[in-house]
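The values are calculated or read from the model by the stated rules, or taken from the named source; none is laboratory data. No experiment lies behind these values; they were computed from the predicted model shown. Glycine also receives a Cβ, built like all others from the backbone with ideal geometry; neighbour counts cover every protein chain displayed.
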């Protein structure tokens, strides 16, 4: 079985570290890269061809919402999961992305990672 290739995108090094630890501790998942902003994410997706992108909603410059919209147009293959400290109802612009899941950072762990892939993976 091939591991799910994950790209983590967050402007906060602390959360990127937490995500790295969770991914490394979860069988069947492999961290293939990290990015700290939207522009880096767009480049990393083109270079790394991830299966799953964990994308922070609030980043300086290009927000996660804008990055997800652009990726949907240019790279429709990866599953995009938005990550935020806020609930979905507190991020009104997320509704324009339809079925893109949004999870709270404080809920992120191996069980949630596996469930996200099971429910949204291709």
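Numerical summary
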{"quantity": "Qualifying positions in the stretch 2-23 - in a helix (DSSP H, G or I) and more than 19 Å from residue 118 (Cβ to Cβ)", "calculated": "13, 14, 15, 16, 17, 18, 20, 21"}
{"quantity": "Tally of residues being assigned to a loop (DSSP other than H, G, I, E, B) and either in contact with a helix residue (DSSP H, G or I) (Cβ under 7 Å, 6 or more places away or on another chain) or crowded, with 23+ Cβ neighbours inside 10 Å (or both) across the stretch 47-57", "calculated": "2"}
{"quantity": "Failed item in (1) buried (at least 19 other Cβ atoms within 10 Å of the Cβ); (2) modelled with pLDDT under 90; (3) outside any loop (DSSP other than H, G, I, E, B), with residue 44 passing the rest", "calculated": "(2)"}
{"quantity": "Test: residue in the stretch 32-41 that is touching a strand residue (DSSP E or B) at 6+ places or on another chain (Cβ under 6 Å), free of Cβ contacts under 8 Å to residues at least 60 places away in the same chain, assigned to a loop (DSSP other than H, G, I, E, B) and closer than 18 Å to residue 102 by Cβ", "calculated": "no"}
{"quantity": "Selection within the stretch 63-120 - in a loop (DSSP other than H, G, I, E, B) and either closer than 18 Å to residue 14 by Cα or modelled with pLDDT under 85 (or both)", "calculated": "85, 86, 87, 91, 98, 99, 100, 101, 108, 109"}
{"quantity": "Filter result (without any contact (Cβ under 8 Å) to a residue 40 or more places away in the chain and touching a strand residue (DSSP E or B) at 6+ places or on another chain (Cβ under 7 Å)) within the stretch 42-57", "calculated": "44, 45"}
